[in-house]
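*Asks:* Please read through the structure below; I'll follow up with questions.
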Amino acid sequence: MRLCVFCGSKPGDNPAYVEAAAELGRKLAEQQISLVYGGASVGLMGVIADATLQAGGDAIGVIPQSLVDKEIAHPDLTQMHVVSGMHERKALMADLSDGFIALPGGIGTLEELFEIWTWAQLGMHHKPCVLLDVAGYYNQLIGFLDQMTQAGYLKESSRSMLKIASNPLEAISLCLSGS
């Protein structure tokens, strides 16, 4: 099994984000679940890859050539796929993965999560999508998604496709159960 993790290229301002990324990497390795992620050595991306590898797991990176050129590609991954651009990156990450988890991150993380969740809503895949809400990072987003549902812009059936986890083990469990 392979799980894709979307997360920040920065560590963020709360040590809990780094701790959650490291714990998620260790738990993936312990459960013999391969990590698929954006292939970088920086931020939460580097933390989760390093933790996965140090715990004996597999880490598979998918990174655009432009980011390799900026020297942020992780040098020690189990596999590295270098692609031409972001669209190809997201498509390959989706193809390689059996489920998706979003840790804290910026607009790139949100864009990846929303695109993969939209694909699920459209029936393009039936893989679990999980938002890992570390230290309340996503509280306002979760509230806004609920507001969208109440306002009639997001069907409850679509809203329920995005699962919310409060810790790494719960996020993995939601992916494994598909619910």
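Each value in this text was obtained by applying a stated rule to the coordinates, not by laboratory testing. What you are looking at is a predicted structure, and each value in this text was computed from that prediction instead of being measured. Quick reminder, even Gly has a Cβ in these numbers, built from the backbone with ideal geometry, and neighbours come from all protein chains shown.
*Asks:* Please verify whether Gly105 is outside any strand (DSSP E or B) and crowded, with 20+ Cβ neighbours inside 10 Å, treating the condition exactly as stated.
*Replies:* Details: outside any strand (DSSP E or B): yes; crowded, with 20+ Cβ neighbours inside 10 Å: yes.
Criteria met by Gly105.
*Asks:* Mind checking which residues of segment 24-55 are crowded, with 24+ Cβ neighbours inside 10 Å and hydroxyl-bearing (Ser, Thr, Tyr)?
*Replies:* Tyr37, Thr52
*Asks:* Working only within segment 129-161, note down all residues that are among the charged types (D, E, K, R) and more than 21 Å from Ala171 (Cα to Cα). Give the derivation first.
*Replies:* In the first step, residues of segment 129-161 are kept if they are among the charged types (D, E, K, R); the result is 133, 146, 155-156, 159.
Across segment 129-161, the qualifying residue is only Lys155.
Here's the yes/no breakdown for (1) hydrophobic (A, V, I, L, M, F, W, C); (2) on the phi > 0 side of the Ramachandran plot; (3) surrounded by 15 or more Cβ atoms within 10 Å (Cβ to Cβ):
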residue: Lys70; (1), (2), (3): no, no, no
residue: Thr78; (1), (2), (3): no, no, no
residue: Val130; (1), (2), (3): yes, no, yes
residue: Ala135; (1), (2), (3): yes, yes, yes
residue: Gln140; (1), (2), (3): no, no, no
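*Asks:* Any residue at all in segment 86-108 that's among the polar types (S, T, N, Q) and over 24 Å from Glu23 (Cβ atoms)?
*Replies:* Going through segment 86-108, the residues among the polar types (S, T, N, Q) turn out to be 97.
Narrowing further to those that are over 24 Å from Glu23 (Cβ atoms): none.
Within segment 86-108 (the criterion being among the polar types (S, T, N, Q) and over 24 Å from Glu23 (Cβ atoms)), the answer is no, since none of the residues qualifies.
*Asks:* Something else: Looking at Glu111, Glu88, which is the one that is under 30 Å from Ala55 (Cα atoms), without any contact (Cβ under 8 Å) to a residue 24 or more places away in the chain and not in a loop (DSSP other than H, G, I, E, B)? Steps first, please.
*Replies:* On the way: Glu88 fails: without any contact (Cβ under 8 Å) to a residue 24 or more places away in the chain.
Selected residue: Glu111, the only one of Glu111, Glu88 that is under 30 Å from Ala55 (Cα atoms), without any contact (Cβ under 8 Å) to a residue 24 or more places away in the chain and not in a loop (DSSP other than H, G, I, E, B).
*Asks:* Moving to a separate point now. For residues in segment 142-169 being touching a residue at least 12 places away in the same chain (Cβ under 8 Å) and part of a helix (DSSP H, G or I), which is surrounded by the most Cβ atoms within 10 Å (Cβ to Cβ)?
*Replies:* Pro168
*Asks:* Further question on the same structure: Filter segment 35-74 for residues that are in a strand (DSSP E or B) and among the β-branched types (Val, Ile, Thr) and give the result. Step through it out loud before you land on a result.
*Replies:* Initially, segment 35-74 is screened for residues in a strand (DSSP E or B), giving 35-37, 40, 59-64, 73.
Passing the criteria: Val36, Ile60, Val62, Ile63.
*Asks:* Before we move on, is Ala135 aliphatic (A, V, I, L, M) and under 13 Å from Pro104 (Cβ atoms)?
*Replies:* Details: aliphatic (A, V, I, L, M): yes; under 13 Å from Pro104 (Cβ atoms): yes.
Spelling it out, Ala135 is indeed aliphatic (A, V, I, L, M) and under 13 Å from Pro104 (Cβ atoms).
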